[in-house]
Structure formats: C-alpha cells, structure tokens
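Asks: Structure provided below as structure tokens; questions to follow.
The values are calculated or read from the model by the stated rules, or taken from the named source; none is laboratory data. Keep in mind the model is a prediction, meaning the values are calculated, not measured. Note that we place each Cβ from the backbone using ideal geometry, even for glycine, and neighbour counts take in every protein chain shown. Side chains included, ligands, DNA and RNA excluded: accessible areas come from the protein's heavy atoms. Shrake-Rupley method; radii C 1.70, N 1.55, O 1.52, S 1.80 Å.
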Amino acid sequence: MKRAIFFIVFLFSFCGFSQSEKDSLFAREACEIYNKLELMHHLDACIANYYLMTEEERIKSNQTFLYYYQRNIVGTCVFSSADILSYLEVYVEKDIPQGWSAFIDRVYNVNAKNLLALTDKYGYPSFNKIEKYAGKYDMPNFSIVFALRKNRYRKDIKKMIHKEYKKGNVTENEYLIFKAIAGKDVIAEKDVKKMKDMGVEFIYPK
C-alpha cells in the first residue's frame with residue numbers, strides 16, 4: 001500500500017517577547033535555526049526509511065545497527081558524527097543507541113524537546129515563515145508539516161500547537177494535518193484521503 005511519510009519540522013520563541021520581536025530574532029538567527037532544523041529532519045527521515053523497510057531489512061539492519069548507523073545515518077548527513085552525537089545528547093561513544101528501538105526513542109524525544117524549546121524562543125514556523133526568513137539558504141526537499149511522533153512530550157506539544165494556532169503562528173492547514181496524524185509514524189493512503197476530505201492541501205517536495 002502506498003504510504004506518505006510526513007516529517008517533523010520545528011522552530012522557536014522568546015518568553016515575554018511579542019511575535020514581531022520573535023520574528024526579528026528569527027531573522028537574525030535564521031542560519032543557525034535552519035541548520036538545527038536540517039539535522040532534526042535528517043534524523044527523522046532516517047527513521048521514516050526504517051518504516052519503509054521489509055521485515056528482513058529491519059532485522060538485518062538492527063543486528064548490525066552500529067555499522068548501519070555509521071554508513072546510512074552519519075554517512076548520509078552533512079553534519080559530522082560529533083554534531084549528531086552532541087545533538088542526541090550522547091557524550092561517550094559507547095552510549096550510542098545499539099539498535100533501532102533505542103535510536104528511534106532517542107531521536108523522537110530529543111527532537112520533541114528541541115521543538116518545544118525552539119518554539120518557545122521563536123514561535124512556531126509555518127512553511128511561509130521558513131521561506132521568508134531562511135529562503136536564502138537551500139531548503140531541504142520535504143513538506144513543512146507537523147507530524148507528532150510518539151514521545152514523552154506529546155501532551156506538551158499538543159498544548160503548544162493549539163496555543164500557537166490560536167496566536168496565528170500555525171496555519172489552518174497545518175493544524176488540520178496535526179490533528180489528523182498526531183502520534184503516527186507512517187501515514188497510510190486512507191489517512192491522506194481523510195485529510196483531503198477535511199480540506200488539507202499538501203505541499204510536496206519540488
């Protein structure tokens with residue numbers, strides 16, 4: 001069955017600041033913000049690839065996960081191994097996740113924690129906002145939509161998205177997607193049909 005994978009993408013805001021001040025801060029730090037978003041997306045995309053594997057491929061890659069990690073996760077990333085480990089809060093090499101389950105749990109939780117921190121500092125970024133402030137940097141080819149992965153911060157993220165939606169920082173389209181796919185890893189064809197029936201418009205990679 002055809003599946004559509006939607007990736008997490010996130011940003012930020014500074015406590016007590018007006019949205020215009022947060023936007024100004026975003027504009028000044030757009031390069032740094034973009035780099036973090038790109039790393040977050042890369043790790044999330046690696047997990048999305050896992051869900052597209054056959055059962056045999058999952059078992060094999062899990063049995064040789066450290067090799068897979070170096071070749072397919074670090075090896076395909078523009079950031080260094082040290083950058084990835086630092087982002088994942090792994091400070092000694094022996095603490096690198098030893099299999100898919102541990103890696104997925106680590107990425108989902110670290111990404112969620114960073115999403116909350118970044119949104120608190122800059123405000124949630126719609127696709128248009130990212131284009132506006134980071135457009136001078138090459139945008140990765142992925143849909144700027146919010147898919148809530150399974151993690152310990154789910155309730156906090158749900159509250160945050162609702163709050164940002166009320167502020168106007170989350171578009172109606174993005175909010176509908178969030179409500180439809182929150183907590184899912186893979187979006188099946190029936191989910192896409194349901195969202196289209198709700199009036200969701202999809203932004204596909206160029």
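Asks: Which residue pairs have Cβ atoms under 8 Å apart, sit 6 or more places apart or on different chains, and have a first residue in the stretch 171-184 that is part of a loop (DSSP other than H, G, I, E, B) and a second that is at pLDDT 80 or above?
Replies: Ala182/Arg154; Ala182/Lys158; Gly183/Arg154
Asks: Mind counting the residues in the stretch 18-33 that are open to solvent by 80 Å² or more (accessible area, probe 1.4 Å) and more than 20 Å from the chain's Cα centre (by Cα)?
Replies: Within the stretch 18-33, the subset open to solvent by 80 Å² or more (accessible area, probe 1.4 Å) is 21, 28, 32.
So of that shortlist, the ones also more than 20 Å from the chain's Cα centre (by Cα) come out as 21, 28.
Summing the residues that are open to solvent by 80 Å² or more (accessible area, probe 1.4 Å) and more than 20 Å from the chain's Cα centre (by Cα) in the stretch 18-33 gives 2.
Asks: In the stretch 42-101, which residues are farther than 21 Å from Asn114 by Cβ and of a type in the set (D, E, K, R)?
Replies: Matches in the stretch 42-101: Glu55, Glu56, Glu57, Arg58, Lys60, Arg71, Glu93, Lys94.
Asks: Looking at this structure, is Glu93 more than 15 Å from the chain's Cα centre (by Cα) and over 26 Å from Lys155 (Cβ atoms)? Break it down into steps so the answer makes sense when it comes.
Replies: On the way: more than 15 Å from the chain's Cα centre (by Cα): yes; over 26 Å from Lys155 (Cβ atoms): yes.
So Glu93 passes the test.
Asks: Could I ask something else about it? Please verify whether Tyr87 is among the aromatic types (Phe, Trp, Tyr), modelled with pLDDT under 90, out of contact with any Ser or Thr (no Cβ under 6 Å at 6 or more places or on another chain) and closer than 22 Å to Asn151 by Cβ, treating the condition exactly as stated.
Replies: Values: among the aromatic types (Phe, Trp, Tyr): yes; modelled with pLDDT under 90: no; out of contact with any Ser or Thr (no Cβ under 6 Å at 6 or more places or on another chain): yes; closer than 22 Å to Asn151 by Cβ: yes.
Answer is no for this residue.
Asks: Kindly provide the set of residues from the stretch 34-92 that are under 21 Å from Ile130 (Cβ atoms) and either basic (Lys, Arg) or surrounded by fewer than 14 Cβ atoms within 10 Å (Cβ to Cβ) (or both), ordered by number.
Replies: Within the stretch 34-92, Lys36, Val78 meet the criteria.
Asks: Just to be sure before I move on: is Ile157 in a helix (DSSP H, G or I), modelled with pLDDT of 70 or more and over 23 Å from Tyr50 (Cα atoms) in the structure I sent? Working first, answer last.
Replies: Numbers: in a helix (DSSP H, G or I): yes; modelled with pLDDT of 70 or more: yes; over 23 Å from Tyr50 (Cα atoms): yes.
Considered against the rule, which asks whether it is in a helix (DSSP H, G or I), modelled with pLDDT of 70 or more and over 23 Å from Tyr50 (Cα atoms), Ile157 comes out as yes.
Asks: So, in the stretch 115-132, of the ones that are farther than 18 Å from Leu39 by Cβ and open to solvent by 10 Å² or more (accessible area, probe 1.4 Å), which residue ends up modelled with the highest pLDDT?
Replies: Taking the candidates together, the pick is Asp120.
Asks: While we're looking at this one, here's another question. Considering only the stretch 154-168, how many residues are under 13 Å from Ala112 (Cβ atoms) and buried (at least 17 other Cβ atoms within 10 Å of the Cβ)?
Replies: 3
Asks: Then there is this: Among the residues of the stretch 184-206, are any at negative phi, under 16 Å from the mean Cα position of the chain (by Cα), surrounded by 17 or more Cβ atoms within 10 Å (Cβ to Cβ) and modelled with pLDDT of 65 or more?
Replies: no
Asks: Still on this structure, I have one more. Only one of (1) touching a Phe, Trp or Tyr at 6+ places or on another chain (Cβ under 7 Å); (2) open to solvent by less than 60 Å² (accessible area, probe 1.4 Å); (3) modelled with pLDDT of 75 or more is not met by Leu148, so which one is it?
Replies: The number of the failed condition is (3).
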